[in-house]
Every structure is written in structure tokens, then in C-alpha cells.
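Reading through the C-alpha cells given below for one structure.
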Amino acid sequence: MRLRTAFAAMLFLAVPFGAGATDKPLEMLESGMQVQGWEGVGRIDIGRNGFCTGALISDRLVLTAAHCLFDKESGLRISDTELLFRAGWRNGRAAAEGRVLRSVVHPRYRPGGGPDIAKVSHDLALLELSHPIRNLGVTPFAVYSEPRSGDQVGVVSYGRNRAEVPALQERCRVLERDHSGVLMMSCSVDFGSSGAPVFAMSQGRAHIVSVVSAMGTGNVNGTRTEVSLGASLGPRLTELRAALDAGDQRFIRAPAANTATPREMSSGGGARFLRP
């Protein structure tokens with residue numbers, strides 16, 4: 001099964017304010033005991049316009065989706081001063097907060113137009129916070145090797161109608177991984193889940209293996225079902241780290257917007273890519 005022909009419709013998951021048999025349902029992390037160990041996941045507030053999800057991978061770096069940093073209507077880069085990371089945000093309180101000093105997006109990510117598989121494959125960004133977060137209990141996550149088809153993963157995210165409390169899906173699956181590194185997963189996501197970390201367990205610890213980018217419907221074993229898509233990390237994250245360290249302006253500045261309209265692909269399944 002090829003993602004380009006199996007995937008039917010895709011929507012980016014940034015939200016404005018206002019599963020398979022083996023998968024587990026979403027669990028709201030409402031109590032201090034439930035959220036323990038997941039405080040490194042937080043809500044990224046984007047001015048007054050909306051939010052995404054992100055996760056600490058060091059005491060100053062937040063990993064999220066690149067499309068969260070662009071205005072959906074204009075395609076322009078959102079100012080870093082408009083971004084606020086709220087680690088462990090739950091019922092009006094954060095375990096820690098950090099303003100964004102600067103941010104980088106992958107050089108091959110292009111804003112504008114409708115989402116497509118190529119865009120998802122590079123939908124990654126890093127936020128560098130003005131000050132390190134070293135609060136007790138807020139622990140950054142390690143980044144692990146890329147998952148394969150059939151691997152069990154989990155997701156912690158915020159979303160539409162659950163913006164005040166993170167939700168954990170402890171178990172979902174990687175349905176397919178294509179040659180570009182895009183993962184199609186059975187994980188349950190919604191608008192606002194963009195940038196959410198996808199976890200795998202290793203030696204009893206959660207490691208980030210991907211970042212949620214989009215949702216839609218896919219043809220899975222002959223059945224139309226809801227799926228989520230994410231970008232693999234690997235060399236892409238290495239590129240982002242190096243660019244941030246070097247202050248490479250090709251990464252820090254917004255790429256030119258692609259004003260092309262969403263396209264319809266006729267190969268195989270006639271996949272359509274739609275803007276929300």
C-alpha cells in the first residue's frame with residue numbers, strides 16, 4: 001500500500017480557539033498523578049488565534065510542526081513573540097512556561113496551498129525558548145530511532161474541545177511508512193494536535209519518534225478509516241539542530257509561500273488534499 005494512493009483526504013491540525021481493535025482510547029490526563037511524566041508535553045499558544053501541541057527535547061528546545069508557525073490565511077510566518085509554550089498545561093495552570101526567542105522550520109517545508117504528502121514529510125520546527133525550563137518534574141524527552149510499519153506507538157496531545165487538558169492515547173499503530181518518511185498511523189488526533197509528539201517505549205521510557213502533522217481518511221485493508229500522519233525525525237531533526245546552532249537564516253526566515261491551489265491526484269486512489 002502506497003500512501004500517495006491510499007490516502008483520501010488530509011487536513012492540517014492547528015486549531016483556532018473557540019481506531020483499530022488493538023488501539024486504546026484517549027485518556028484525559030486530568031489529575032496530577034495522571035499527568036506525571038508527561039509534563040514535557042505542552043500547549044503552544046499562538047497569539048490569540050489558536051494553539052498547537054509541542055514537546056521539550058531539551059531544557060530550551062520545543063519540537064512541533066512547521067505549519068503551526070504560519071498564518072493559515074495569509075501564509076506569512078507568525079512572529080516568535082506571538083508564541084508561548086505552556087509545559088504541562090492543565091486546567092488553567094502550566095508546570096512551566098517559556099517565551100520563544102527564535103524558531104526554525106525545515107528548509108524543504110513550504111507554506112501555502114493545501115497539505116500534501118511532500119509537505120507532511122518536512123513539517124517539522126524547533127522553538128528555542130528565551131530561558132531554559134528546569135522545573136522539577138518537567139523532563140525533556142529523548143528522540144529515538146524511526147518507527148516501522150506495525151510498530152506500537154502512543155500520542156499525547158491537546159485538541160479541539162480538550163484544549164485545557166492533555167490527552168494520552170497509550171497505544172495506537174504505525175500502519176504504513178512511505179519512502180519519504182511519512183507515517184500513516186491509527187492514532188486519534190484532532191485540530192490542535194499538530195506538533196504532538198508520537199512516542200515509542202524503550203526500556204520503560206517514552207521516546208519521541210515522530211510529530212503529528214495532519215489527519216484524514218485512508219484505505220486500510222480495504223476499509224475507509226480515520227488516520228493520522230506524521231513526519232519521521234532522523235536526519236531532518238539533525239538538520240534543524242545544526243541550523244539553529246549555526247544561526248542559518250535560510251531556516252530561520254520563512255520560505256516563500258506556495259500559492260498553488262490544492263491539487264487532485266488521479267493516480268490509484270484519486271487522493272485529495274484539502275485545507276481545513
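Only the coordinates and a few stated rules stand behind these numbers; no lab work does. As the structure is a computational prediction, the values presented were derived from the model and not from experiment. Cβ coordinates were reconstructed from backbone atoms using ideal geometry, including for glycine residues, and neighbour counts include every protein chain displayed.
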### Task
Go through the stretch 125-135 residue by residue and turn each phi into a ³J(HN,Hα) via Karplus (6.51, -1.76, 1.60, θ = phi - 60°); whole Hz please, and just put x for glycine and proline.
8, 10, 10, 9, 7, 5, 9, x, 9, 10, 5
### Shape call, the stretch 3-249: gyration tensor on alpha carbons, a/c limit 1.5
rounded
## Note on the structure
Amide H contacts under 5 Å for residue 96, restricted to residues at least 5 apart in sequence or on another chain and with H modeled in the peptide plane, are 87
### Task
Apply the Karplus parameterisation 6.51 cos²θ - 1.76 cosθ + 1.60, with θ equal to phi minus 60°, to every residue of the stretch 71-76 and state each ³J(HN,Hα) to the nearest whole Hz, in sequence, with x for glycine and proline.
5, 5, 7, 8, x, 7
## Note on the structure
A correct fewest-to-most ranking of 233, 84 by other Cβ atoms within 10 Å would be 84, 233
### Query
Taking 0.36 nm per intervening residue step and subtracting the Cα-Cα distance, what contour gain separates residue 162 from residue 22 on full extension?
48.0 nm
## Note on the structure
Under the Karplus relation with 6.51, -1.76 and 1.60 and θ = phi - 60°, whole-Hz ³J(HN,Hα) for the stretch 139-152, x at Gly and Pro, equal 10, x, 9, 6, 9, 10, 5, 5, x, 10, 4, x, 5, 8
### Query
Using a simple charge model, +1 on the beta-carbon of Lys and Arg, -1 on the beta-carbon of Asp and Glu, nothing else, what dipole does the stretch 3-249 show about its Cα centre, in debye to the nearest 20?
40 debye
### Query
Gain in length, residue 118 to residue 99, computed as 0.36 nm per residue apart minus the alpha-carbon separation, to one decimal in nm?
3.8 nm
### Task
For residue 48 and residue 202, compute 0.36 nm times the residue count separating them, minus their Cα-Cα distance, and round to one decimal in nm.
51.7 nm
### Task
Mind giving me the FRET efficiency for residue 73 and residue 148? R0 is 45 Å, r the Cβ-Cβ distance, nearest 0.05 is fine.
0.75
